[in-house]
Amino acid sequence: MSVKVMIPTPLRVYAGKRDSAEFSAATVGEALSGLTSQFAELRKHLYTEDGKLRAFVNVYLNDEDIRYLAKENTPTKDGDTISIIPSIAGGSAETPIDF
Amino acid sequence: MATTTQPQTGAKPATSLTNEEILRYSRHLIMPEVGMEGQLKLKNAKVLLIGTGGLGAPLGLYLAAAGVGRLGLVDFDVVDFTNLQRQVTFGTSDVGKFKSEAARERLSNLNPNIQIDAFETKLTSDNALELFKDFDIIVDGTDNFPTRYLVNDACILLGKPNVYGSIFRFEGQATVFGMPEGPCYRCLYPEPPPPGLVPSCAEGGVLGVLPGIVGSIQAMETIKLILGRGESLVGRLLLFDALGMKFRELKLRKNPRCPMCGEHRTINKLIDYYEFCGVRGEEAPGSDVQVPEITPRQLKSRLDRGDDLFILDVREPHEFQICNLKGHLIPLGELPRRVHELDSSREIVAHCRSGKRSAEAVDFLRKAGFRKILNLKGGILAWSDEVDPSVPKY
């Protein structure tokens with residue numbers, strides 16, 4: 001079963017500049033684990049050290065928040081899209097963080 | 001605190017339009033969805049814009065043009081040259097002026113029939129409730145996490161809608177928070193990302209049109225709320241990808257356990273949002289890294305003396321193209337795997353644009369065993385100021 005994971009702009013730098021990647025996965029958790037195996041640098045941005053999804057990382061299966069489904073155990077089917085939705089604060093980009 | 005453009009709207013709601021207003025708003029008036037009734041709603045509406053920058057520009061222009069009777073503009077910043085690429089309210093002659101005041105002048109020229117209050121102040125936990133109380137709708141066009149949580153919490157405490165938009169490079173988000181039936185910002189983002197995990201400057205910048213599009217979406221949502229027409233973005237997060245030119249939407253649910261808008265509210269007053277977001281003031285993450293430094297003038301005199309110095313530029317290739325000090329380019333993110341390109345027996349001076357990324361690079365290289373390494377204090381910006389003004393600043 002092929003599932004597409006959409007990688008948001010702020011995280012693309014840790015994912016070889018890719019905007020999406022496809023994985024064979026039966027659950028949301030499996031797809032995310034495929035993603036972080038392929039792009040190891042992404043792991044610390046998505047998971048805490050004890051392996052939990054970070055509270056500020058929102059993961060959607062199609063248009064539903066997985067918090068209101070079965071979280072990472074939510075089953076996926078062929079053709080599903082998983083989106084990682086980052087918090088972005090920009091309104092104008094006049095103070096790029098860190099610049 | 002506020003500078004106000006007349007006319008002041010009285011306490012009584014307007015019940016008619018002048019002939020000039022009828023002509024001005026005729027393209028609204030001939031639409032049944034707006035009509036005289038809708039235009040009077042617009043005239044009696046009071047909207048507060050937080051931020052008059054990239055998102056605030058189309059917001060202010062369209063809401064003023066549409067005849068929103070009272071607009072409040074909150075911004076403490078001054079117009080700078082780098083703003084003109086996207087903050088289309090401002091002209092070149094506005095550089096150096098307070099944004100809220102420059103925007104007030106521009107918008108009152110656009111529509112002298114409306115009241116515009118410019119608040120030259122930073123929105124804080126101390127003034128937010130007082131500023132918000134006189135307005136019906138709050139529009140969030142700020143550019144940082146602490147203010148976004150502050151705007152959210154103040155809107156929930158006062159029961160006011162919060163028309164939200166944010167942008168990053170070529171991606172935007174928009175929704176409406178703070179409606180009784182809908183979620184709030186904390187339902188979507190219960191916690192802010194820690195400062196260390198937000199994108200770095202190497203990923204900064206924004207396509208100038210993007211805030212124009214997202215701010216226009218916010219303006220449309222604001223007008224729909226005032227008119228009570230159409231389907232609002234309440235409960236939906238609109239995602240816009242400018243490069244792919246794609247709009248998507250996600251369902252936003254009200255979190256019954258939300259500490260702000262849930263059944264059992266645990267946050268009953270405004271808090272210290274900088275502390276909540278793990279940042280103090282304007283301090284950027286990583287800026288506290290202490291490393292040995294060299295000033296631009298010291299570097300210049302050592303280069304003139306013919307000292308053997310290796311210049312390491314840790315910016316991105318596209319920044320190198322803007323201007324450079326003829327250094328060896330290794331972007332900060334590639335340093336760990338390209339460290340073999342450096343000779344630890346030579347003296348190295350690392351630089352970036354402002355000195356922050358290169359401080360991280362120096363810190364990293366010292367931990368990797370490099371001993372003769374210095375950070376160029378203030379980066380290319382300081383080099384341009386103190387040594388060679390022909391090097392452009394960006």
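The values are calculated or read from the model by the stated rules, or taken from the named source; none is laboratory data. Just so it is clear, the model here is predicted, and its values are computed rather than measured. Positions of Cβ are generated from backbone atoms using ideal geometry, with glycine treated the same way; all protein chains shown enter the neighbour counts.
Annotations for the structure displayed:
- Residue B:158 being surrounded by fewer than 23 Cβ atoms within 10 Å (Cβ to Cβ) and assigned by TED's automatic domain parsing to the domain that holds residue B:215: yes
- Count of residues meeting criterion [of a type in the set (D, E, K, R) and within 27 Å of the chain's Cα centre (by Cα)] in the range B:336-376: 4
- Which listed residue is at pLDDT below 95 and either assigned to a loop (DSSP other than H, G, I, E, B) or assigned by TED's automatic domain parsing to the domain that holds residue B:166 (or both), from B:53, B:60: B:53
- All positions within the range A:56-85 that are within 8 Å of chain B (Cβ to nearest Cβ), in a strand (DSSP E or B) and either more than 14 Å from the chain's Cα centre (by Cα) or in contact (Cβ under 8 Å) with a residue 60 or more places away in the chain (or both): A:83, A:85
- Counting residues in the range B:330-344 that are closer than 30 Å to residue B:146 by Cβ, more than 14 Å from chain A (Cβ to nearest Cβ) and either surrounded by 16 or more Cβ atoms within 10 Å (Cβ to Cβ) or free of Cβ contacts under 8 Å to residues at least 60 places away in the same chain (or both) gives zero.
- Residue list for the range B:235-250, filter: in a strand (DSSP E or B) and either more than 20 Å from residue B:151 (Cα to Cα) or more than 22 Å from the chain's Cα centre (by Cα) (or both): B:239, B:240, B:241, B:246, B:247, B:248, B:249, B:250
- Residues in the range B:163-192 that are touching a Ser or Thr at 6+ places or on another chain (Cβ under 9 Å), closer than 18 Å to residue B:273 by Cα and either among the basic types (Lys, Arg) or away from chain A (no Cβ under 11 Å) (or both): none.
- The C-beta contact set for the range B:351-364 (first residue within 12 Å of another protein chain (Cβ to nearest Cβ), second residue aromatic (Phe, Trp, Tyr), distance under 8 angstrom, 6+ apart or interchain) comprises B:353/A:99; B:353/B:394; B:354/A:99; B:356/A:99.
- Contacts under 6 angstrom Cβ, first residue in the range B:79-106 being in the same structural domain as residue B:54 (by TED's automatic domain parsing) and buried (at least 22 other Cβ atoms within 10 Å of the Cβ), partner of a type in the set (Ser, Thr, Tyr) and modelled with pLDDT of 95 or more, 6 or more apart: B:99/B:52; B:100/B:52; B:103/B:52; B:103/B:89
- Residue check for residue A:49: within 14 Å of another protein chain (Cβ to nearest Cβ), within 14 Å of the chain's Cα centre (by Cα) and farther than 25 Å from residue B:247 by Cα: no
- Of all the numbered requirements in (1) surrounded by fewer than 20 Cβ atoms within 10 Å (Cβ to Cβ); (2) in contact (Cβ under 8 Å) with a residue 40 or more places away in the chain; (3) not basic (Lys, Arg), residue A:25 misses one, and that requirement is (1).
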